[in-house]
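A.B. asks: Sending over a structure as structure tokens; questions will come in a sec.
None of the figures in this text is laboratory data; all of them are computed from the coordinates on show. This one's a predicted model, so the numbers in the text were calculated from it and none came from an experiment. Here the Cβ positions follow ideal geometry from the backbone for every residue, glycine too, while neighbour counts run over all protein chains shown.
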Amino acid sequence: MRFTKDHEWVELDGDTATVGITAYAAEQLGDVVFVELPAPGKKVEAGGDMAVVESVKAASDVYAPLSGEVTAANGELSDNPQTVNDGPESSGWLVKIKVADPSQMEKLMDRAAYEAFLGTL
């Protein structure tokens, strides 16, 4: 699992990346009440807007950690957005992306680097 400074996580399996928000991001947002996800087939660029997560506190953009094409969105979240809080780095995943350039993973932080980054906030 790799992480961005915008608090997204990504796990790569072959050329398919599963993406979500980190436990830290979910905690900062508070209770998630709505999730807007891109439709399968949408092209995303690393660092570009990809989704929106709304909580009782605020709405937050979610950025694509890698470039590619969305192949699946977590439909469970439309009826149960709380899943993002319950399992942000597992069952609360947002999308799956067919990755255009797997080498982009090298630019992302591993868990130790992400934990160190959180210490600076």
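A.B. asks: At 0.36 nm per residue, and after removing the present C-alpha to C-alpha distance, how many nm does the segment from Glu27 to Thr71 gain when stretched out fully? Each step should come with its number before you reach the end.
C.D. replies: Details: separation 44, 0.36 × 44 = 15.84 nm, distance 2.72 nm.
Length difference between fully extended and current span is 13.1 nm.
A.B. asks: Taking a cut-off of 22 Å between Cα atoms, list the lysines near Lys57, but don't count ones fewer than 8 places away on the same chain.
C.D. replies: Lys5
A.B. asks: A further question on this structure: Could you let me know the centre-to-centre spacing of region 73-121 and region 1-67, using Cα atoms, in angstrom?
C.D. replies: 6 Å
A.B. asks: Same structure again: Only four residue types carry charge here, +1 at the Cβ of Lys and Arg and -1 at the Cβ of Asp and Glu. Report the dipole size of region 2-101 about the Cα centre in Debye, rounded to the nearest 20. Intermediate values should be presented prior to the final figure.
C.D. replies: Values: 7 positive and 18 negative charges, 33 e Å.
About 160 debye.
A.B. asks: Please give every one of the lysines within straight-line cross-link reach of Lys43, meaning a C-alpha to C-alpha distance under 21 Å, and leave out same-chain neighbours fewer than 8 residues apart.
C.D. replies: By straight Cα distance, Lys43 reaches Lys96, Lys98, Lys107.
A.B. asks: Follow-up. Over region 2-101, what is the relative contact order in whole percent, taking alpha-carbon pairs under 8 Å and six or more residues apart?
C.D. replies: That works out to 33 percent.
A.B. asks: Still on this structure: Please give the contour-minus-distance gain from Glu45 to Ala116: 0.36 nm per residue of separation, less the Cα-Cα distance, rounded to one decimal in nm.
C.D. replies: Working: separation 71, 0.36 × 71 = 25.56 nm, distance 2.61 nm.
Length gained between Glu45 and Ala116: 22.9 nm.
A.B. asks: Okay, moving on. Taking a temperature of 10 °C and a viscosity of 1.306 mPa s, what whole-number D in µm²/s does Stokes-Einstein yield for region 2-101 with Rh from Kirkwood over alpha carbon pairs? Please report the intermediate quantities before stating the final value.
C.D. replies: Numbers: Rh = 13.0 Å.
Once the numbers are plugged in, D ends up at 122 µm²/s.
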